[in-house]
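Values in this text are rule-based calculations from the coordinates and carry no lab data. Please read all numbers here as calculations on a predicted model, not as lab measurements. In this analysis, Cβ positions are derived from the backbone assuming ideal geometry, glycine residues included, and neighbour counts consider all displayed protein chains.
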Amino acid sequence: MILFEEFNRVRQFVTPFAKRYKALNTVKTMIKQNIPPSLSAQERAAFENEIDDDTRVLGAMERFLRFVGKRTFERVFP
């Protein structure tokens with residue numbers, strides 16, 4: 001039940017941003033340019049691979065939000 005609530009809240013939060021940023025390649029580039037530099041090369045590569053696999057803006061944005069949190073997400077996607 002908690003997982004569904006988290007999913008619904010993340011989806012509800014991200015949807016308005018996904019409507020404003022419709023170009024998947026642009027969103028992926030914005031995400032990759034804002035991966036914290038403190039990550040190891042392996043962690044960075046793994047996250048970039050996950051982003052590369054996303055086929056929808058909504059999915060990429062949800063993954064980014066879960067990875068970096070609301071504050072960074074809102075800075076990247078004002």
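Quick notes on this structure:
- Cα point-scatterer Debye curve for segment 2-76, base-10 log of I(q)/I(0) at q = 0.11, 0.12, 0.17, 0.25 Å⁻¹: -0.26, -0.31, -0.62, -1.25
- Spin-label model distance (nm) - Ala23 vs Arg56, 7 Å beyond Cα toward Cβ: 2.2 nm
- Sequence of Ile35, Ile2 once ranked by neighbouring C-beta atoms within 10 Å, starting from the fewest: Ile2, Ile35
- Contact order for segment 2-76, expressed relative to its length and based on alpha carbon pairs under 8 Å spaced 6+ residues apart, stands at 42 percent.
- Overall, segment 5-49 carries a charge dipole of about 320 debye about its Cα centre when +1 sits on the Cβ of Lys and Arg and -1 on the Cβ of Asp and Glu, all other atoms neutral.
- Förster-model FRET efficiency, 22 Å R0, Arg44 and Arg9, C-beta, rounded to 0.05: 0.25
- Reachable aspartates and glutamates from Lys19, criterion Cα separation under 14 angstrom, eight or more residues apart if same chain: Glu62
- Placing unit charges on each Cβ (+1 for Lys and Arg, -1 for Asp and Glu) gives the chain a dipole about its Cα centre, and among Ile35, Ala18, Leu65 the Cα reaching farthest toward its positive end belongs to Ala18.
- The chain: angle of helix 41-53 to the longest principal axis, Cα-based, in degrees nearest 10: 50 degrees
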